[in-house]
1. Less than 20 Å from a label point 7 Å out along the Cα-to-Cβ axis of residue 129: which backbone N atoms in segment 169-209 qualify, by residue?
2. Along the Cα-to-Cβ line of residue 220, 7 Å from the Cα, sits a label point; which residues in segment 3-36 have backbone N less than 16 Å from it?
3. Relative to the first principal axis of the alpha-carbon coordinates of the chain, what is the inclination of helix 306-320, with its axis defined by its Cα atoms, in degrees from 0 to 90 and to the nearest 10?
4. Could you work out the relative contact order of segment 3-411? I mean the mean sequence separation of Cα pairs under 8 Å and 6+ apart, divided by the number of residues, in percent.
5. Give, in nm to one decimal, the length gained when the segment between residue 138 and residue 349 is fully stretched (0.36 nm per residue of separation minus the Cα-Cα distance).
6. Express in % the proportion of alpha carbon pairs of the chain at distances exceeding 31 Å.
7. Take the chain, connect every pair of alpha-carbon atoms lying under 10 Å apart with a spring to form a Gaussian network, then pick out the residue of 184, 254, 167 with the largest mean-square fluctuation.
8. Pulled fully out, how much extra length does the chain show between residue 112 and residue 387, if you take 0.36 nm times their separation in residues and subtract their Cα-Cα distance?
């Protein structure tokens, strides 16, 4: 499955192709990766008056930023209690506030740059099993204890007014929401370019090295000499970051888009909110602006076979919505999610001039934008937020695809066993 299989790509007409890098350029900052992280950093830096070159191996939003579920969540993917245990209550609260600021950053940019990306409010976290209900209530109480007042608890019965599916309970988070991720990525790219950044597509970075008072970054047909380098390739970084620095493994995740469902769409999800369940291997879904159900999940350790994947995804969709048992997907696509063992993101430095941020563990729609802003602020001399998140400790991921695939397969088997309880 490729990017071209996605409904997101098919639903955007006339996306301009950008030139590839030819020859030598100089810039204050070179950014590798034109997804949410890299584009956010480029926009922030260009608005501050720095010269910025963005190098993208494929096209803007080609990776996870243009293929994901489009769900906007405050918080990290890991439990807030884990952040408290590692950083202390005061700094954990600062991290929580940074994630809230990330959601506001996203909304502010959509408004400021008039990005048409189907942005709407509301995301439901739903309990699959009775044992999930006290966990859900505890999560709500924890966030309310931080002063977060956007959460609404719904019992099994009252949940039916929002979502016609068989769950034990749910919490609506009005601070979250959803959007069309590829439209948003393209909008960020246009905003960055309007501020003066240069974005080159089909310009995969081959290597980089310290050179003089900066970093020299090479592609097949050109190079960039910059004072700072930001690595923002996330799950698609390849060998640009040493294996012992990555801290994540790429996990396959998949989304199917039905035909436009008309009135049936509103009958299934009267609130039209995005939904995520509480299993370890989650189902997540939402309605598109034209009434399609975008249904995601089915994590895998290796590339799934299309026919088997289609059967599995249809089966999962019909378990949630029996009325869709005969529905097929008009589009079905996949991509790599950068998952860390702790579910906390990975922020770090290589030497004095290179920064990286990745491993958002499925929480990247808002968090990646904030990560890009924090990298930009660090370049501009304000490193407090970046350094705070860089304090999180991560187990190194072992090198080599076969070993990583085996570890992923074992982890996913364990998750399935947990979800079957």
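1. Counting backbone N atoms under 20 Å from the label point, the list is 169-171.
2. 18-23
3. 50 degrees
4. 25 percent
5. Extra length available between residue 138 and residue 349 comes to 72.4 nm.
6. Cα-Cα pairs of the chain separated by over 31 Å account for 36 percent.
7. Result: 167 has the largest fluctuation of those listed.
8. Roughly 96.2 nm would be gained on extension.
Read-outs: derived from the displayed coordinates by stated rules, not from any lab. Predicted model, so just to flag it, every value in this text is computed and none were measured. Reconstructed Cβ throughout: ideal geometry from the backbone, glycine too, with neighbour counts over all protein chains shown.
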